[in-house]
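**Student:** Have a look at this one before I ask anything.
The values are calculated or read from the model by the stated rules, or taken from the named source; none is laboratory data. Because the structure is predicted, anything quoted here is derived from the model rather than measured. Using ideal geometry, Cβ is built from the backbone for each residue, glycine included, and neighbour counts are taken over all protein chains shown. Calculation scope for accessible area: heavy atoms of the full protein, side chains included, ligands and nucleic acids excluded. Shrake-Rupley method; radii C 1.70, N 1.55, O 1.52, S 1.80 Å.
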Amino acid sequence: MSLVIHNLHARVAGGQEILRGLNLEVQKGSVHAIMGPNGSGKSTLSKVISGHPDYEVTSGEVLLDGVDVLAMEPDARARAGLFLAFQYPVEIPGVSNANFIRAALQARLKDGEELDAVDYYGDLYKEMDKLEIPRTFTSRSVNEGFSGGEKKRNEVLQMAMLKPAYAILDETDSGLDIDALKVVAAGVNALRSPSVGMLVITHYQRLLDYIAPDVVHVLVGGRIVRSAGPELAYELESKGYDWIKETLTEDAHAVELASV
Amino acid sequence: MSDTFLQDAPPAPTAAPEWFVTAQRDAAKRFESLPMPSRRDESWRFSNLKALDPLDFTQARPVVQELAEQLLADSVGFEAALATLVFANDRLIAKRADEHLATQGVIWLPLEEALNTHSELVHRHFMRSESSVGTPKLLAHHQASVRAGTFLYVPQGVRLSAPLQAVHWAAGSGQAIFPHTLIVAEEGSAVTFVDWFKSSGEGRNMACGVNDLHVGPDATVHYVSVQEWNRQTAAQQSNTTAIAHGGSAINLGLHLGGVFARSESVSRLNGSGARSEMLAATVADGAQEFDQRTLQDHRSPDTWSDLLYKNALYDTAKTIVSGLIRVEPQAHHTDAYQKVRNLVLSAEAEANSLPGLEILADQVRCSHGATTGEINPEELFYMQARGISEKDAYRLITFGFLNEVLERLPDEALREKLQQTLRARLQGH
Ligand SMILES: Nc1ncnc2c1ncn2[C@@H]1O[C@H](COP(=O)(O)OP(=O)(O)O)[C@@H](O)[C@H]1O
Ligand SMILES: [Mg+2]
């Protein structure tokens, strides 16, 4: 059981390729981290997997427990068990947070089934307490006027409520101070289980001190260029992304020489 | 139709006071002699005058007992209201009131009864506020024909804890009704009132209504109208709100029904420190047309008004919002805002916004703006990424768009009722 990304090529419709043959497999029960410099394609990867209409997949596949999700609408992908915690969560004026999450849960029920309101609020408050989100946030419009940290916590709240099989967290650490980071990481860690696979995208190693990954990948120029254990994150942190880029050009050079 | 109506309409309110009878007779003459407006008139630009031709309708006849009982059963309105009046074709069919109202000195009566029992008080306020955004012809029509409605008088200092309401039903076809609401809130009082406009059956009728609010010094009036006429009905609703110093008013319209519905709303900030919020949320679909005309009239210093009108348009629907802010020479330190927002959900829908400013004073803060847009694709994707179908996401985003207007109403339980009503209205989309 895994989320498999195979030879994925994608671009903004009509534009340059952003993902250029990306391979990755996230097993259920494991946490994979993707690190990479700005502009390397991390958010693009998360959006392509979730089905954002701006991107066009030119080849490759994404399989969720063997099911091809690229043919599915974004909402069907989510109902199939995929979750994306957005780098930039979207504000939805006039729609309360509680109604929004409720609608998402309701969408997972069969026609004619109704979500039990009492149970729902019980669950919601429990998860909000864990994430130290004040109760007043149920009636506030989704993400509207939330601070950066509140938005990220709200993403984790949605993840906790929707219980995905595979979750992609896109820079869930950005914009958080250390206390908020601990709360969010604790929230994410609480969701780790043998039945959930996670792909944690981050620019900084810091997050991985709190969410310990099983595997670390480095994404540069739309490809995974290195995969190793957690130690890779520390190496990156001390040597910087330029180190990876240099070793890459060396590799490329070596490849060129070899092909001569 | 014969089993829907009583055979003979009872005569106009018996023993109506002399002044009222005379005024009605004069109004009838004015109605006869005045011309219908034309689309060349500023306040009728883009409007659909054909829909409002009074000659297509005759004054409504009363409904039979059986229908009245059924309408009564359907008159849910707002469950927690302190008092309820129910009218069918301009006849009172039910009256219910919390007994404490009377002991507080609140006068809560069908207009036709108040004309007898409180003639002097009614006379002082009845149709005294001129509306400059409509046509004297239709106002005369209303005054000549009005026979039912609400008279609500809240004495000095009395602050009512829950809303009061009236339900107006239109039944049959080819019938015209003339709902009237007159609210007088004395100094320091507070009241929330809701008018519900509903149809029984699918007949083509006309509603020509007036509601006048008199907000005393430091008084607070929240007036809500929920317009759910059937899809054949043509409606014309004229509102005036006169606000004395320190008084504040909210006028919120939830416009959902009708084939053509025009609403005119005038806020007069007569005393210093007066405040007015003018709010409207409109769902327009099919071939519906909504025509909204407003005036924020600042006549005193330190006054504040804020207008937010939002329209969601589907299919070939059409909306017009024409709003004027006028700041008179003496009204210094005025804040006046006007925002019109159109959410267009169909390429064939048409949203017209005609903002206007007339500022004759100094030190004034004014802003006005109208925007027309479509559903934001990032909001849509965010919702879909949570598993919500595209269709449901559209509906939820549209709900949110209009709900921002409802959120401005502080009365929480009533607001929830309005949200329910809006949600139900959007259900088909
Ligand atoms: N919707 C888009 N339109 C145009 N360019 C885009 C779009 N999305 C991503 N890109 C480009 O693709 C590259 C990768 O972006 P992104 O995936 O956001 O990087 P990261 O998340 O790793 O910082 C950048 O050069 C960015 O400008
Ligand atoms: Mg990014």
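**Student:** Place the peptides A:39-48, B:386-395 in order of packing, highest mean first, counting for every residue the other Cβ atoms within 10 Å and averaging per peptide. List each step's numbers first, then the result.
**Tutor:** On the way: A:39-48: 22.0, B:386-395: 20.1.
Descending mean neighbour count gives A:39-48, B:386-395.
**Student:** May I ask you to derive the FRET efficiency for A:Asn7 and A:Lys126 from their Cβ-Cβ distance with R0 = 41 Å, giving the value to the nearest 0.05? Each step should come with its number before you reach the end.
**Tutor:** Details: r = 42 Å, r/R0 = 1.02.
The value I calculate is 0.45.
**Student:** Right, another one. Once you sort the root eigenvalues of the Cα gyration tensor of the protein assembly as shown as a ≥ b ≥ c, which label holds: rounded (a/c under 1.5), prolate (a/b larger than b/c) or oblate (the other case)?
**Tutor:** On the way: a/c = 2.51, a/b = 2.43, b/c = 1.03.
Note, shape of the protein assembly as shown comes out prolate.
**Student:** Once both labels are modelled 7 Å past Cα along the beta-carbon direction, what's the B:Thr117-A:Thr247 spacing in nm?
**Tutor:** Using points 7 Å along Cα→Cβ, the separation is 9.0 nm.
**Student:** Moving on. Heavy atoms only, probe 1.4 Å: what % of the accessible area of the protein assembly as shown goes to carbon and sulfur, would you let me know?
**Tutor:** Numbers: 13620 of 27330 Å².
Looking at the protein assembly as shown in its full context, I get 50 percent from C and S.
**Student:** I've got another one for you. Sorting B:Cys366, B:Cys208 by accessible area (1.4 Å probe), largest first, what list results?
**Tutor:** Final ranking, largest accessible area leading: B:Cys366, B:Cys208.
**Student:** For segment B:59-134 and segment B:294-341, what is the separation of their C-alpha centers, rounded to whole Å?
**Tutor:** Going from one Cα centre to the other spans 29 Å.
**Student:** Further question: Among B:Gly356, B:Ser161, B:Ser276, whose Cα sits farthest toward the positive end of the charge dipole of the protein assembly as shown (+1 at Cβ of Lys/Arg, -1 at Cβ of Asp/Glu, about the Cα centre)?
**Tutor:** Final value for the positive-end residue is B:Gly356.
**Student:** Over the protein assembly as shown, what is the percentage of antiparallel beta bridges among all DSSP beta bridges, to the nearest 5? Working shown, then result.
**Tutor:** Details: 36 of 190 bridges.
Expressed as a percentage, antiparallel bridges in the protein assembly as shown total about 20.
**Student:** How much FRET efficiency would the formula 1/(1 + (r/R0)^6) give for B:Asp56 and B:Ser132, where r is the Cβ-Cβ distance and R0 is 22 Å, rounded to 0.05? List each step's numbers first, then the result.
**Tutor:** On the way: r = 26 Å, r/R0 = 1.18.
Approximately 0.25, to the nearest 0.05.
**Student:** Let me know the mean shielding of A:92-105 by other chains, meaning the per-residue number of their Cβ atoms within 10 Å of its Cβ.
**Tutor:** Details: counts 11, 8, 15, 11, 4, 0, 0, 6, 6, 1, 0, 10, 8, 3.
Per residue, the number of nearby Cβ atoms from other chains is 6 on average.
**Student:** Let me ask something additional. I'd like the Karplus ³J(HN,Hα) series for segment B:52-60: coefficients 6.51, -1.76, 1.60, θ = phi - 60°, whole numbers in Hz, and an x wherever there's a Gly or Pro.
**Tutor:** Those phi angles translate into 9, 5, x, 6, 6, 9, 10, 4, 4 Hz.
**Student:** Just need the relative contact order of segment A:110-215 here, percent rounded to a whole number, with Cα pairs under 8 Å and 6+ apart.
**Tutor:** Answer for segment A:110-215 is 27 percent.
**Student:** Could you please state, rounded to a whole Å, how far the C-alpha centre of segment B:362-382 is from the C-alpha centre of segment B:393-429?
**Tutor:** Computed from Cα coordinates, the inter-centre distance equals 18 Å.
**Student:** Separate question: Among B:Ser38, B:Pro17, B:Val76, which residue has its Cα positioned farthest towards the positive end of the charge dipole of segment B:17-78, with +1 placed on the Cβ of Lys and Arg, -1 on the Cβ of Asp and Glu, and the dipole taken about the Cα centre?
**Tutor:** After comparing all options, I get B:Ser38.
**Student:** Here is a further query. Whose amide H sits under 5 Å from the amide H of A:Leu176, counting only residues 5 or more places off or on another chain, with H placed in the peptide plane?
**Tutor:** Placed amide hydrogens put nothing under 5 Å from A:Leu176.
**Student:** How well do other chains shield peptide B:399-407, expressed as the mean number of their Cβ atoms within 10 Å of each residue Cβ? Don't skip to the end; give the middle numbers.
**Tutor:** Values: counts 4, 10, 4, 1, 6, 5, 1, 1, 5.
Partner Cβ neighbours, averaged per residue: 4.
**Student:** Here is a further query. Which value, in Å², gives the accessible area per residue of segment B:2-270 when a 1.4 Å probe is used on the protein heavy atoms? The partial results should precede the final answer.
**Tutor:** Details: 10070 Å² over 269 residues.
Result: 37 Å² of accessible area for each residue.
**Student:** Further question: On average, how much accessible surface per residue is there in segment B:377-429, in Å², for a 1.4 Å probe, leaving out ligands, DNA and RNA? Each step should come with its number before you reach the end.
**Tutor:** Details: 1980 Å² over 53 residues.
Ligands and nucleic acids excluded, the figure is 37 Å² per residue.
**Student:** Using a 10 Å cut-off on Cβ to Cβ distances, tally the other chain neighbours for every residue of A:106-112 and report the average as a whole number. Don't jump to the answer; show the numbers that get you there.
**Tutor:** Values: counts 3, 8, 3, 0, 0, 0, 0.
Taking the mean over all residues of the peptide, I get 2.
**Student:** Taking 45 Å as R0, compute the FRET efficiency from the Cβ-Cβ separation of A:Ala71 and A:Ala117 and round it to 0.05.
**Tutor:** Values: r = 35 Å, r/R0 = 0.78.
Efficiency for this residue pair is about 0.80.
**Student:** In whole Hz, what ³J(HN,Hα) sequence does segment B:266-275 give by Karplus (6.51, -1.76, 1.60; θ = phi - 60°), x for Gly and Pro?
**Tutor:** Whole-Hz 3J(HN,Hα) from phi for segment B:266-275: 10, 10, 10, 8, 7, x, 5, x, 5, 10.
**Student:** What percent does the relative contact order of chain B come to when contacts are Cα pairs within less than 8 Å and at least six residues apart?
**Tutor:** About 10 percent, as a whole number.
**Student:** Out of A:Leu169, A:Ser46, A:Val118, whose Cα points farthest toward the positive end of the dipole of chain A (charges: +1 Lys, Arg; -1 Asp, Glu; placed on Cβ)?
**Tutor:** Value computed over the given set: A:Val118.
**Student:** Further, regarding this structure: With a/c under 1.5 counting as rounded, go ahead and sort chain B into rounded, prolate or oblate using the C-alpha gyration tensor (a ≥ b ≥ c being the square roots of the eigenvalues; past the cut-off, prolate if a/b is larger than b/c, else oblate).
**Tutor:** On the way: a/c = 1.38, a/b = 1.15, b/c = 1.20.
The shape class here is rounded.
**Student:** Buried accessible area for the B:A pair, summed, 1.4 Å probe, in Å² rounded to 100?
**Tutor:** On the way: alone 17040 and 12310 Å², together 27330 Å².
Counting both chains, the buried surface is close to 2000 Å².
**Student:** With charges set only on the Cβ (+1 for Lys and Arg, -1 for Asp and Glu), what does the dipole of segment B:2-270 come to about its Cα centre, in debye to the nearest 20?
**Tutor:** Working: 21 positive and 28 negative charges, 160 e Å.
It comes to approximately 760 debye.
**Student:** Next question, about the same structure. Could you grab the relative contact order for segment B:377-429? Cα pairs under 8 Å, six or more apart, rounded to a whole percent.
**Tutor:** Here the relative contact order equals 32 percent.
**Student:** Please report, in whole Å³, the volume per residue of the convex hull around the C-alpha atoms of segment B:377-429. Provide the component values of the computation, followed by the final result.
**Tutor:** Values: hull volume 4.2 nm³, N = 53.
In segment B:377-429, the Cα hull volume divided by residue count equals 79 Å³.
**Student:** May I pose another question? What nm distance separates the two modelled labels at B:Gln156 and A:Glu235, each placed 7 Å from Cα along Cα→Cβ?
**Tutor:** 8.6 nm
**Student:** Residue by residue, what Karplus-based ³J(HN,Hα) values in Hz, rounded to whole numbers, does segment A:62-73 have, using 6.51, -1.76 and 1.60 with θ = phi - 60° and x for Gly and Pro?
**Tutor:** 10, 10, 9, 6, x, 9, 6, 8, 5, 7, 9, 5
**Student:** Continuing with the same structure: Could you sort B:Val106, B:Val76 by accessible area so the largest value comes first, with the probe set to 1.4 Å? Mind dumping the intermediate values first?
**Tutor:** Details: B:Val106 15, B:Val76 75 Å².
From most accessible down to least: B:Val76, B:Val106.
**Student:** Based on Cβ point charges of +1 for Lys and Arg and -1 for Asp and Glu, what charge dipole magnitude is obtained for the protein assembly as shown about its Cα centre, in debye rounded to the nearest 20? Write down the numbers at each step before the final one.
**Tutor:** Details: 63 positive and 89 negative charges, 187 e Å.
Dipole size: approximately 900 debye.
**Student:** What are the residues whose amide H is under 5 Å from the amide H of B:Thr233, where those residues sit 5 or more places off or on another chain and H is modelled from the backbone?
**Tutor:** Under 5 Å from the amide H of B:Thr233 lie the amide H atoms of B:Asn205, B:Gly258, B:Val259, each far enough along the sequence or on another chain.
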